[in-house]
Amino acid sequence: MAESSSSAAASGQAQSAASKTTPKPANPAFRMLGLPNFRFKLPSRNWMIFFTITGSLTAAIVYDRRERRRVQQKWCDLVAHLSKETLPIEQTRRKLTVFLAAPPGDGLRIAREHFKEYVKPILVAAALDYTVIEGRREGDVRATLAEHIRKHRRKAGEPSSVVEEIGNEDIIADARQKIGVVEEPGPKGDLVIGRHTWREYIRGLHEGWLGPLDPPSPPAAPVEEPLIPVEEPLIPVEGSESPADGTSAAENTEKKEEEEKKDDKPAKPSGPTPAYISPAEYSSRSLPPTLPHSLENSVPIPFPHLLGFLNTPIRLYRYLNRRHLADEIGREVAGLVLASSSRPYLDSSFSSDSEMSSASVDASASPWSSSDDSMPSSSANYEQQTVLEKEESEWHKSVHKRDEENPDKEREWLDDIVMDPRIASRMQRSLLSADEEARSQRITEGKEYILGQERPASVPFWQRMWIKYGYGEDEETIKMKPIIGNLDGADGE
């Protein structure tokens, strides 16, 4: 009995071992197609960890990209009705000004990509024209803006000894004026991207409106005693009439004249144009007669830019949450494009609970009257000084270093922002009105579409893919196609 039980156990183990080693028969359908015998099983522990990490990261990127497009589409639909409005043939489209500068410690390409990704889609949806003022180095935006304001003051009739150079823009403007083309009536505005650009923008406003029209005289050079040249006699070579160096006297004279001409040419400036006025001279300057009662509306646009390998976790978190930045920038840009509401910038004399903090503040409710040029206390803290201030802590450490050879050199990115009350009271900030904010919420919920239009019917996913990657066409494209009749004749011959 014991032998029979042991033999049965041995045979059972042999059968189980044979069943484990012998593979299951292949699927007949796969075998007929020539496919191998697939064995479905769970991946190993290491593969599960890899698929979990990569799948989670991919899902986060895809979700953020989809939500960012949805948010941008909401703000584009909010302003898209402006592109449907017709203009008379003698009017040009309303134009905005975009101020763009290379971020501290990086190049201009990053700033251009930020503009194209978050700001430009809304301007294109509204069919607005815009001019971009770029700065590659610190001080370029300040110098360009100040020169634009000085040029405007000279054209308005203020006396100046500077001779204006006629450029392409002047020729085009003169031609439009002769044929009667005018700009579209309506408020304009300035889009300032980043804290560093905002600093230069404020500095350029003060320099352009409070500074002189003529450039400051260069500092006097120290007087040096003239050196008396000592002429050495030339020793001629026997059998020749030329000097010992093998060149004729005429050639030596030409070389000397060329060197003198090179010395007379002014050296090209290595940096931006120096400032015409320092912040300490603001209070002593009188306002020009061409200064308007209120300046153009301005909107500071956030531009978070963090460098460094140790900041990789923060940068990764921001990369996965770009939808929030797109929503914030879209709200600011849409407020400037629609120009439905604006308010003056606040100062320390107004509390956070005052009426000035609401979105529906009228532009005429300025803390100081536009016609009153009296100067309040200059020690007040203005809102312009604290706009986007948190971005400064993320600048590269090399930007915060001052020049050791010239520590008193002016630095637009590091020096304190000095505000003249007469300029600060004339600055306005565009806002999105409460009605437009409510309409954007209805657009998000799908209850409303572009103003004056009905939302089109939803297209299935497979049809969208067929239209995009296949040979299909959407209904709108088919409607726009011209219908060509019988070209061989009415009777079809």
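The values are calculated or read from the model by the stated rules, or taken from the named source; none is laboratory data. These numbers come from a predicted model, not from an experiment. Cβ coordinates were reconstructed from backbone atoms using ideal geometry, including for glycine residues, and neighbour counts include every protein chain displayed. When the accessible area is computed, the model is the full protein with side chains, heavy atoms only, and any ligands, DNA or RNA have been set aside. Shrake-Rupley method; radii C 1.70, N 1.55, O 1.52, S 1.80 Å.
So the values come out like this:
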| quantity | calculated |
| --- | --- |
| Area of residue 197 that stays accessible when all protein chains are in place (1.4 Å probe, Å², to 10) | 0 Å² |
| Quotient of Cα Rg and 2.2 N^0.38 Å for region 119-160, N being how many residues it contains | 1.61 |
| Distance between region 391-407 and region 31-51 - C-alpha centres, whole angstrom | 56 Å |
| Volume of the Cα convex hull of region 275-343, divided per residue and given in Å³ | 170 Å³ |
| For region 423-463, alpha-carbon Rg relative to the globular expectation (2.2 N^0.38 Å, N residues) | 1.91 |
| Neighbourhood charge, 14 Å Cβ-Cβ cut-off, centred on residue 111 and excluding it, Lys, Arg +1 and Asp, Glu -1 | -1 |
| Region 385-459: C-alpha pair distances exceeding 14 Å, % | 78 percent |
| Extension gain, residue 84 back to residue 67 (0.36 nm per residue minus Cα-Cα distance, nm) | 3.5 nm |
| Residue order for 401, 178, 409 - accessible surface, 1.4 angstrom probe, largest first | 178, 401, 409 |
| Share of carbon and sulfur in the accessible heavy-atom surface of region 86-173 [1.4 Å probe, %] | 53 percent |
| Average silhouette area of region 94-152, convex hull of alpha-carbon atoms, in square nanometres | 4.4 nm² |
| Accessible area per residue in Å² at 1.4 Å probe, computed on region 381-433 | 54 Å² |
| Computed E for residue 58/residue 415 - FRET, C-beta separation, R0 41 angstrom, nearest 0.05 | 0.35 |
| Net charge of neighbours whose Cβ lies under 11 Å from the Cβ of residue 400, counting Lys and Arg as +1 and Asp and Glu as -1 | +3 |
| R0 of 41 Å, Cβ-Cβ distance residue 484-residue 449: FRET efficiency to nearest 0.05 | 0.80 |
| Extended-chain gain in nm, criterion 0.36 nm per residue less alpha-carbon gap, residue 147 and residue 441 | 101.7 nm |
| Neighbourhood net charge (15 Å Cβ-Cβ; Lys/Arg +1, Asp/Glu -1) for residue 128 | -1 |
